[in-house]
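The values are calculated or read from the model by the stated rules, or taken from the named source; none is laboratory data. Everything numeric here is computed off the predicted structure, so don't read it as measured data. Neighbour counts are summed over all protein chains in view; Cβ atoms, including those assigned to glycine, are modelled from backbone coordinates with ideal geometry. Just so you know, the surface numbers come from the protein's heavy atoms only, side chains and all, with ligands and any DNA or RNA stripped out. Shrake-Rupley method; radii C 1.70, N 1.55, O 1.52, S 1.80 Å.
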Amino acid sequence: MRHVLKRAGSGAAATPTWAGLVAVLALLAGCTGGTTFLEGKSRAPGDTIRVIPEDGAKGIGRADRIEVGVADGRLERVVVKRVEDALPTELAGEISADGRSWRPSAGVRVSLAAKYSVDAVAVDGEGRRSARRTTFATAVPTDRFIGYFSPENRSTVGTGMIVSFDFNRKIQDRAAVQRAIAVTADPPVEIEGHWFGHERLDFRPRAYWEPGTEVTVRLALRDVEGAPGVFGIQHKKVAFTVGRSQVSLVDAANHTMEVRRDGEVLSTVPITAGAPKTTTYNGKMVVTELYDMTRMDGRTVGFGGEYDIKDVPHAIRLTTSGTFLHGNYWASEDTFGTENVSHGCIGLRDVKGGRGDTPASWFFERTLIGDVVEVVNSRDRTVAADNGLGGWNMDWDRWRAGSAVH
């Protein structure tokens with residue numbers, strides 16, 4: 001799929017969000033016809049699931065209202081979780097007896113200086129499901145800054161994982177902040193930081209991590225002055241393991257995806273990519289989120305009511321701006337491998353509900369956060385390095401030139 005920023009011809013530098021290995025539900029924008037989609041912050045008309053606070057809200061206090069509700073039908077699942085932290089934790093809560101609302105358990109409050117995701121799925125009276133995902137950030141003292149980061153502590157990731165920090169305030173002394181973050185690997189490898197503006201700092205090695213590498217991230221940001229009178233509050237250590245190598249090559253012209261595991265071809269899967277007027281980015285993209293079901297609604301990004309698919313299965317996020325690789329049950333089977341019909345996403349054949357033995361299910365079950373999907377032969381430009389974890393599209397000299405420490 002393609003985000004509205006793409007249509008405007010600009011690169012995206014938005015806040016990334018990353019989940020763990022457990023697939024969750026999300027409200028995103030949608031594909032039409034074949035496969036693709038667009039993500040927006042605004043609530044789509046007719047949203048089944050209502051969430052308080054609103055998507056993208058900041059400065060939420062401990063006493064502020066947290067609630068998920070539906071006007072009709074019932075809530076099937078609600079997960080409110082602290083994310084982009086060393087220890088992601090779920091906020092305890094209950095769905096009401098009538099299934100219409102979810103609230104935190106008595107006495108349970110959000111933490112300050114934290115980011116939360118809300119993932120919910122509802123079922124209407126006819127058994128149809130819809131999903132929604134929102135995020136909000138809690139209050140941070142005005143004289144402090146924090147860095148939300150990925151990947152999660154103790155996670156196992158693909159060889160393309162990039163360590164990424166998104167700061168809640170503009171960092172003026174970027175060198176001081178970068179020196180206070182140490183990323184090391186066992187076995188040792190050269191790792192370098194690169195700044196995208198004043199709020200995002202990514203770290204990666206020269207080439208993909210070797211399988212089995214143990215990576216440690218040490219944050220010594222407490223009392224580091226990132227801007228005049230603004231000091232860090234984090235002092236912690238996180239670690240993750242690099243799992244097996246999986247790199248998938250999407251050939252948009254030939255409508256295929258070759259999946260390689262540790263250098264060996266697992267399968268060549270028929271796909272559909274972006275249509276001629278809504279092409280798919282070229283370049284290396286890294287998996288950052290996995291959703292077992294998601295919603296695609298074009299109205300959240302300025303389209304009309306051409307499409308609103310509330311139960312898109314097996315969705316894998318590749319860029320912040322909205323490129324996904326996902327299951328498609330609405331296109332005819334002969335589309336895959338022969339035509340490009342999406343709005344920029346990569347589509348795999350699937351079935352409604354996502355429970356069948358399909359190419360989309362097969363790939364989803366074999367994918368890790370940090371796996372690489374590379375697109376070639378599309379009539380589009382290369383994805384921007386700051387659009388998701390697109391840093392592998394930048395050569396090593398340019399990457400190192402973006403460091404504040406020399």
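In whole Hz and in residue order, list the ³J(HN,Hα) couplings for the range 201-208 that follow from phi through the Karplus curve 6.51 cos²θ - 1.76 cosθ + 1.60, θ = phi - 60°; x for Gly and Pro.
Those phi angles translate into 9, 10, 10, 7, x, 5, 10, 3 Hz.
What shape does the range 170-286 have by the C-alpha gyration tensor, where a ≥ b ≥ c are the square roots of the eigenvalues, rounded means a/c under 1.5, and otherwise prolate means a/b greater than b/c and oblate the rest?
Details: a/c = 3.81, a/b = 1.76, b/c = 2.16.
Taking the square roots of the gyration eigenvalues as a ≥ b ≥ c, the range 170-286 is oblate.
Excluding residue 112 itself, what net charge comes from residues whose Cβ is under 13 Å from its Cβ, given Lys and Arg +1 and Asp and Glu -1? Mind showing how you got there, number by number?
Working: positive: 58, 62, 82, 109, 115, 144; negative: 64, 85.
Around residue 112, the surrounding residues sum to +4.
Output wanted: per-residue J couplings in Hz (rounded whole) for the range 211-224, from phi through Karplus 6.51 cos²θ - 1.76 cosθ + 1.60, θ = phi - 60°, x for Gly and Pro.
x, x, 5, 9, 10, 10, 10, 10, 9, 10, 8, 4, 6, 6
Report, by chain and number, residues whose modeled amide H sits under 5 Å from the one on residue 60, excluding near sequence neighbours (fewer than 5 apart, same chain).
137, 138, 139
Once you treat every alpha carbon in the range 88-205 as an equal point and sum by Debye, what is log10 I(q)/I(0) at q = 0.13, 0.15 Å⁻¹?
Log10 of I(q)/I(0), two decimals: -0.74, -0.89.
By the scheme Lys and Arg +1, Asp and Glu -1, what is the net charge of all other residues having a beta-carbon under 12 Å from that of residue 248?
Residues close to residue 248 contribute a combined charge of 0.
What's the local net charge at residue 337, with K and R +1, D and E -1, over the other residues with C-beta under 12 Å away?
Working: positive: 349; negative: 251, 333, 334, 339.
Around residue 337, the surrounding residues sum to -3.
Spelling out what I want: for every residue of the range 258-266, take phi, set θ = phi - 60°, compute 6.51 cos²θ - 1.76 cosθ + 1.60 (Karplus), and round to whole Hz; glycine and proline get x.
After applying 6.51 cos²θ - 1.76 cosθ + 1.60, I find 8, 9, 10, 10, 6, x, 9, 6, 7 Hz.
Compute, for the chain, the length of the dipole vector about the Cα centre, with Cβ point charges of +1 (Lys, Arg) and -1 (Asp, Glu) only. Units Debye, rounded to 20.
On the way: 51 positive and 51 negative charges, 194 e Å.
Here the chain has a charge dipole of around 940 debye.
Taking amide H atoms as placed 1.01 Å from N in the peptide plane, list the residues 5 or more away in sequence, or in a different chain, whose amide H sits under 5 Å from that of residue 76.
121, 122, 123
Please report the antiparallel percentage of DSSP beta bridges with both residues in the chain, rounded to the nearest 5.
Details: 83 of 105 bridges.
Just about 80 percent of them are antiparallel.
Excluding ligands, DNA and RNA, what is the solvent-accessible area per residue of the range 306-406 at a probe of 1.4 Å, expressed in Å²? Each step should come with its number before you reach the end.
Working: 3920 Å² over 101 residues.
Ligands and nucleic acids excluded, the figure is 39 Å² per residue.
Can you list the residues, at least 5 places off or on another chain, whose amide H is less than 5 Å from the amide H of residue 271, using H built in the peptide plane?
256, 257, 337
Is there a quick way to get the dipole size of the range 48-197? I mean about its Cα centre, with the Cβ of Lys and Arg at +1 and of Asp and Glu at -1; what is the value in debye to the nearest 20?
Values: 22 positive and 21 negative charges, 75 e Å.
Dipole of the range 48-197, to the nearest 20 debye: 360 debye.
Tell me whether the range 238-391 comes out rounded, prolate or oblate; compute the Cα gyration tensor, take square roots of the eigenvalues as a ≥ b ≥ c, and use a/c under 1.5 as the rounded threshold. Let's see the in-between values first.
Working: a/c = 1.30, a/b = 1.23, b/c = 1.06.
Rounded.
Enumerate lysine pairs in the chain that are 8 or more residues apart or on different chains, then count those whose Cα atoms are under 25 Å apart.
26
Could you work out what % of the accessible surface of the chain is carbon and sulfur, using a 1.4 angstrom probe and leaving DNA, RNA and ligands out of the count?
Values: 7900 of 16510 Å².
Summing carbon and sulfur atoms, their accessible area is 48 percent of the total for the chain.
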